[in-house]
Amino acid sequence: MNRLQGKTAIITGANSGIGKAAAIRFAEEGADLVLAARRLDRLEEVEASCKALGVRAVSVATDVSKEADCVRLVEEAVKAFGKVDILVNNAGIADKHRPITRLDTDWYREVCLIDQDSVYFMMREVLKYMEPAGAGSIVNISSIGGVRCNSGLAYSAAKAAVIGMTKNVAIQFAGTGIRVNAVCPGPTPTELNTPEQLATFDSEFAAQCAKHMNVECPEVPAVEQANAILFFASDDAKCVTGQVLTVDNGTTI
């Protein structure tokens with residue numbers, strides 16, 4: 001308990017799924033929270049749950065695909081709490097498993113903007129505060145799709161880029177007290193993969209990708225992804241940077 005006492009954390013995509021689970025776990029460990037998502041009503045429900053655990057929390061309606069929103073989010077965090085100790089880049093969308101031959105340019109760009117460019121925007125902005133402080137932890141949420149490229153082209157490209165950016169920024173700040181790591185979730189029950197959402201996926205290419213995975217492995221509860229994120233965010237991982245942790249119950253072994 002209290003592994004994040006005195007820390008301030010920004011969590012994007014905090015209104016549901018892994019982001020919501022991370023917000024609750026961080027609150028349980030004492031972190032003050034800046035919660036971001038596009039849907040403010042649901043975000044405020046998570047905020048209330050975190051406050052009930054005895055921490056301070058604020059909600060900021062944010063579209064991470066917009067650079068100006070990312071700048072404003074970090075400014076709001078510093079305004080509320082005076083600092084940013086932890087950033088969890090969790091916001092993202094699925095790409096419906098579309099292969100290159102059935103992927104239009106607009107959808108490709110939208111997925112990359114939300115899943116890849118937002119990570120750049122957010123890291124750049126928090127580092128303006130972490131670098132002078134000489135401390136901080138950034139946890140980027142990639143995917144097994146970024147490791148094995150077993151998803152749609154746009155999602156695979158964006159999530160692989162997240163891993164590359166994670167390692168690149170970790171190199172820049174190695175030994176400074178600023179750490180950058182990535183968690184790669186496997187199948188996890190969230191709103192991105194409900195039966196209704198899966199029905200919109202490219203079933204033919206999804207089946208092709210499934211041949212290269214152990215799809216019989218059980219799904220990973222969102223709280224277990226949150227525990228992995230918590231490890232990287234906390235001082236338990238104070239000597240760990242530039243690392244990628246796959247949490248998938250062995251799906252991709």
Checklist entry - Roughly what angle does helix 67-81 make with the longest principal axis of the chain, taking Cα atoms, 0 to 90 degrees, to the nearest 10? => result 30
Checklist entry - Expressed as a whole percentage, what fraction of the accessible surface of the range 201-253 belongs to carbon and sulfur atoms when a 1.4 Å probe is rolled over the protein heavy atoms? => result 53
Checklist outcome for this item: A 1.4 Å probe over the protein heavy atoms gives the range 7-112 a carbon and sulfur accessible-area percentage of 46
Item to check | Charge dipole magnitude, Cβ of K and R +1, D and E -1 - the range 1-98, Cα centre, debye nearest 20 | outcome: 160
Checklist entry - What is the distance, in nm, between label points placed 7 Å from the Cα along the Cα-to-Cβ direction at ASP235 and at THR176? => result 2.2
Checklist outcome for this item: Pairs over 26 Å Cα to Cα, from LYS159/LYS211; LYS7/LYS51; LYS211/LYS238; LYS96/LYS128, come to LYS211/LYS238; LYS96/LYS128
Next on the checklist: Could you work out how much longer the chain between MET1 and ARG39 gets when fully extended? Use 0.36 nm per residue separation minus the Cα distance between them, nm to one decimal.
Outcome noted: 10.7 nm
Checklist entry - Mind checking which of ASP85, ASP69, ASP104 has the largest fluctuation in a GNM of the chain, springs on alpha carbons under 10 Å? => result ASP104
Checklist entry - Expressed as a whole percentage, what fraction of the accessible surface of the range 136-196 belongs to carbon and sulfur atoms when a 1.4 Å probe is rolled over the protein heavy atoms? => result 61
Checklist outcome for this item: Under a Gaussian network model of the chain whose springs join Cα atoms within less than 10 Å, the largest fluctuation of ASN181, ASN150, ASN140 belongs to ASN150
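Starting from the residue with the highest accessible area, list SER65, SER203, SER142 in decreasing order, probe 1.4 Å.
The most accessible residue leads, giving SER203, SER65, SER142.
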Checklist entry - What is the dipole size for the range 115-160, taken about its Cα centre, with +1 at each Lys and Arg Cβ and -1 at each Asp and Glu Cβ, in debye to the nearest 20? => result 120
Next on the checklist: In the range 49-150, if the dipole is taken from +1 on Lys/Arg beta carbons and -1 on Asp/Glu beta carbons about the Cα centre, which of SER142, SER49, VAL88 is farthest to the positive end?
Outcome noted: SER49
Item to check | Rounded to the nearest 20 debye, dipole of the chain from Cβ charges on Lys, Arg, Asp, Glu | outcome: 520
Item to check | Per residue accessible area of the range 117-187, 1.4 Å probe, in Å² | outcome: 34
Checklist entry - Nearest 0.05, what FRET efficiency do HIS212 and TRP107 give at R0 = 22 Å with Cβ-Cβ as r? => result 0.40
Item to check | Cα Rg, Dmax, the chain, angstrom units | outcome: 17.2, 51
Checklist outcome for this item: Expected field for VAL71, accessible surface area in Å² at 1.4 Å probe radius, rounded to 10, holds 40
Item to check | Highest-fluctuation residue, CYS112, CYS239, CYS184 considered, GNM on the chain with Cα pairs under 10 Å | outcome: CYS239
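The values are calculated or read from the model by the stated rules, or taken from the named source; none is laboratory data. On a predicted model such as this, the values are computed, not experimentally measured, just so you know. Positions of Cβ are backbone-derived with ideal geometry, glycine not excepted, and every protein chain shown enters the neighbour counts. Areas reflect the complete protein model, heavy atoms only, side chains present, ligands, DNA and RNA absent. Shrake-Rupley method; radii C 1.70, N 1.55, O 1.52, S 1.80 Å.
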